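The values are calculated or read from the model by the stated rules, or taken from the named source; none is laboratory data. Bear in mind the structure is a predicted one, so any value in this text is a computation, not a measurement. Don't worry about glycine lacking a Cβ; one is built from the backbone with ideal geometry, like all the others, and counts go over all protein chains shown.
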Amino acid sequence: MSRTDAGAPEQIAGNAPTDPDRRRRGLTERLLAVRELSLLIALGLLVLVTTLRNDRFLSGQSVKDLLLGCAILVILAVGQTLVIVTRNVDLSVGSILGLVAFATGSLFLSAPGTPWPVALVVGVALGALCGVVNGGLIAVARVPALVITLGTLYAFRGVDYYWASGRQINAADMPPSFLRLGNQTVLGVPVLFLVALVVVAAVGYYLRSYRSGRELYAIGSEPAAARLSGIPVGRRVFAVFVANGALAGLAGVLYAARFGTLDAAAGSGLELQVVAAAVVGGVAIFGGSGSAYGAALGAVLLTTIGSSLAVLRIDPFWQQAVVGALILAAIGLDRLLALRVAARLRGRSARDSSDA
Amino acid sequence: MTADAPGTDGVPLLVLDGVTKSFGAVAALRGVHLALHAGEAHALVGENGAGKSTLVKILAGAHPPDAGEMTLDGQPLRLRGPADARAAGIAVIYQEPTLFPDLSVAENIFMGRQPLRGLRRIDSAAMHRDAERLFQRLGVRIDPTRPARGLSIADQQLVEIAKAISFDARVLVMDEPTAALSGVEVERLFAVARSLCERGAAVLFISHRFDEVFDLCHRVTVLRDGAWVSSDPAADLTVDEVVRRMVGRDVSSLYPKQAAELRDTLLEVRRLTRAGVFTDVSFSVRGGEIVALAGLVGAGRSEVARAVFGVDRYDAGEVLVAGRGVPAGKPGRAIAAGMALVPEDRRQQGLVMELSVERNATLARRRALSRLGLLLGGAERAEARTWTRRLQVKAARLGAPVATLSGGNQQKVVLAKWLATEPRILIIDEPTRGIDVGTKSEVHRLLSELAGEGLAILMISSELPEVLGMADRVLVMHEGRLVRELPRAEADETSIMFAATGQGVTA
Ligand SMILES: Nc1ncnc2c1ncn2[C@@H]1O[C@H](COP(=O)(O)OP(=O)(O)OP(=O)(O)O)[C@@H](O)[C@H]1O
Ligand SMILES: [Mg+2]
């Protein structure tokens, strides 16, 4: 219908800022950019300070370890972003990762000749299946995702323990081609990290540029309004849990490749780190805002803090405290930004419509 | 039966027949009949709680009807959800804005229908351009890239309107779209609605303002207590006749304020300034006096009220209550000094939707009702009953959640809440927005009574008849400045509109 008065657009430029493309990057997006920039600055400062104290922190090997260390958390945080944006949360990701990692090991154990891409597909599918369980229960039970996934956190882990029944799988049980995946580098960058980058880019782009991606934000921002505007809320939320499960499955396979030694406890407690990474990365826990890029930066920041405290030989106790402080700082920053924007917008809206 | 009076050509575009809907024990609609014709604007009127919004939600596919048929172009129409209604070409503006606060205004308009470029990606440049074009068509300036959070209620309404007209709708349903708008914007909206009619769309329009109904609509359907009363060509009706059918009795639509003895100055505002919002605003209100703050939407009236009450900060100036200064930015102190603010955006700022009617009604008064820190249920209920009865709140029970009330009845609960605090100074922003004729005159009588008891009342209103009927003095704002003060005798429509549009004043 906007075609009907196509003759008019020039006039808009007359009473609005003239450069349309500068204007396109409007307030909503600039806000995100500010948030991501602040993370980058924090990360930069952290690296700088640590390097000043110990110049080996930026050596090739240590950077490689760092990138390797954060890859799995990044993938999980990005998956979690999909869920949190819709005003849900998935606490079962650590258990899914553990289950899939063990399954991958068992697969190689029982069918030694399995090519690793097959294992990858099986792992992702198993993760997605766990996601189906989560999403299905949430749709049927109409109970908050927090409660359901708290249940499946224990359930999946229980299955894992039952299956492993005290066994451990060792690197020797897995084909070298698979294990190499966990340590190989391309131009000095670990493959694992490249995989994580691809995931970040894909999910980030999807969330920003696809209709169904934007609908996830709408659902988290105002569920009732989402329903009224015809968004298939139930279907989207289900899909999000499946996608997150699949990503946790991917992370599980990569975990197996990286560590080689697996028992039923792999990935225990990881879910809290994942949620922390997303929150530090600016993903609002009440849904509706945040980006995959931010969550990934949050994951990198948390991992970097861990290694920099180790490099600086600071008591691990402090690591917990620092992460805690960081989460509070992140929430404080979000609040501050929100208030400042609100104040600015209020003034603007009063002026804007007065000459309408 | 007058529903299909001769003179309308052909088959109606959309027909509802025998539509019934109950919420538990409440029968919201009972066998309602409605026929919308292509090229016609059809008004739906009725008291608060008559079932208008319920009908809208059925048309929108948001509620399934318990019984009854719908046909579109003579074909049976079954809506399994809002998406179906959309696909059938029915665009709806709901009574309560349904925006996504975190998303940009343009995304709010085009959610699910964003223009695409290659690989089915969203073309955000095109989306923003289209949004700007829509706003231009409505003659308003809202930045499409800003988040919807923090939009004034009028702007939210405009975004909703832009959303609805962005559909190539065959049926446009508007549930009180004008409640928050001023005259200029209403005119623009009507122009758009008329052009849609000319292109063969059908419009269903709901409003409590009869001048709008008769201005826009060709046909008027009246609902009372969920039941269909009549459908007639607008030309055959008068306002009084419509009101009689709605209410079932005669209502005087006049509400002159009774003269009250003017007492000491209770509220004094000196040179209040907030950069970019309002400048150098000074006025005073005496006990027994009703002062109206008039002006166009966006002139800064609500902002001044919020600053006086202390919810917003201001950069300069002072606020005095009975000669004593009230600190800026502390609504708690303002309440302690005897001020009450009935905010403009009642749904967001005035109510806890999940709580019951009685809880909400006494929310601001809980301290006074408690003994030794304990809140006694009995006292709370009695107090709530008094006020909800005075304001004729229509609710299934006092214990029902506010969310289940009709829009107008929610407004009444907010009014009850603040009136129950027994303030000395009452600041009331759009006292009768969304409230039906019968209760409107009741609210006016109440305000007049309160003034008679010595209250100082500052009333913001965009409805000129209300301003002229109620105010002892009219202050007119234009672009953040007080440009004119008119005593009752000098205030009339022309003088107020003249000042409000900034004519004859150097801004
Ligand atoms: N979700 C719900 N649950 C229970 N009762 C409801 C619900 N929605 C509406 N009602 C009741 O149905 C009746 C009709 O409400 P409706 O919102 O249709 O009124 P309305 O004509 O739009 O009034 P208004 O002019 O105040 O907007 C009211 O008594 C209301 O309390
Ligand atoms: Mg209504």
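Quick notes on this one:
- Any hit, the stretch A:262-273, residues being crowded, with 16+ Cβ neighbours inside 10 Å, closer than 30 Å to A:Leu109 by Cα, in contact with a strand residue (DSSP E or B) (Cβ under 8 Å, 6 or more places away or on another chain) and not aromatic (Phe, Trp, Tyr): yes
- Listed conditions (1) touching a residue at least 40 places away in the same chain (Cβ under 8 Å); (2) at the interface with another protein chain (Cβ under 9 Å from one of its Cβ atoms); (3) closer than 20 Å to B:Ile122 by Cα are all met by A:Pro232, apart from (1).
- Search result, residues across the stretch A:118-177 that are modelled with pLDDT under 90 and basic (Lys, Arg): A:Arg142, A:Arg167
- Leading residue by the ranking (farthest from B:Arg324 (Cα to Cα)) among those in the stretch B:273-292 that are within 14 Å of chain A (Cβ to nearest Cβ) and not small (Gly, Ala, Ser): B:Val277
- For the stretch B:118-177, the candidate set comprises residues that are on the phi > 0 side of the Ramachandran plot and over 21 Å from the mean Cα position of the chain (by Cα); within that set, the residue that is surrounded by the fewest Cβ atoms within 10 Å (Cβ to Cβ) is B:Leu119.
- From B:Glu69, B:Glu96, residue being within 16 Å of ligand 1 (Cβ to nearest atom) and modelled with pLDDT under 95: B:Glu96
- Hits in the stretch B:65-74 - residues which are outside any loop (DSSP other than H, G, I, E, B) and not small (Gly, Ala, Ser): B:Glu69, B:Met70, B:Thr71, B:Leu72
- Residue within the stretch B:75-88 that is part of a helix (DSSP H, G or I), charged (D, E, K, R), buried (at least 20 other Cβ atoms within 10 Å of the Cβ) and within 14 Å of ligand 2 (Cβ to nearest atom) present: no
- For B:Ala62, the requirement of being of a type in the set (Gly, Ala, Ser), within 16 Å of ligand 2 (Cβ to nearest atom), touching a helix residue (DSSP H, G or I) at 6+ places or on another chain (Cβ under 9 Å) and at the interface with chain A (Cβ under 8 Å from one of its Cβ atoms) is met.
- Per-region count, the stretch A:201-217, residues in a helix (DSSP H, G or I) and touching a Lys or Arg at 6+ places or on another chain (Cβ under 9 Å): 9
- Yes/no for B:Glu176 being assigned by TED's automatic domain parsing to the domain that holds B:Ala83 and in contact with a Leu (Cβ under 8 Å, 6 or more places away or on another chain): no
- Scan of the stretch B:174-223 for residues that are away from ligand 1 (no atom under 14 Å from the Cβ), assigned to a helix (DSSP H, G or I), β-branched (Val, Ile, Thr) and touching a residue at least 40 places away in the same chain (Cβ under 8 Å), ordered by number: B:Val184, B:Val192
Residues checked against (1) more than 9 Å from chain A (Cβ to nearest Cβ); (2) over 30 Å from B:Gly39 (Cβ atoms):
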position: B:Met111; (1), (2): no, no
position: B:Leu116; (1), (2): no, yes
position: B:His128; (1), (2): no, yes
position: B:Thr145; (1), (2): no, yes
position: B:Val173; (1), (2): yes, no
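- Filtered by the rule that a residue be more than 9 Å from every other protein chain (Cβ to nearest Cβ) and part of a helix (DSSP H, G or I), the stretch B:92-109 gives a lone residue, B:Ile109.
- Annotation note: of A:Val85, A:Val63, A:Val89, A:Val49, the sole residue that is over 29 Å from A:Ala343 (Cα atoms), among the β-branched types (Val, Ile, Thr), at pLDDT 85 or above and surrounded by 18 or more Cβ atoms within 10 Å (Cβ to Cβ) is A:Val89.
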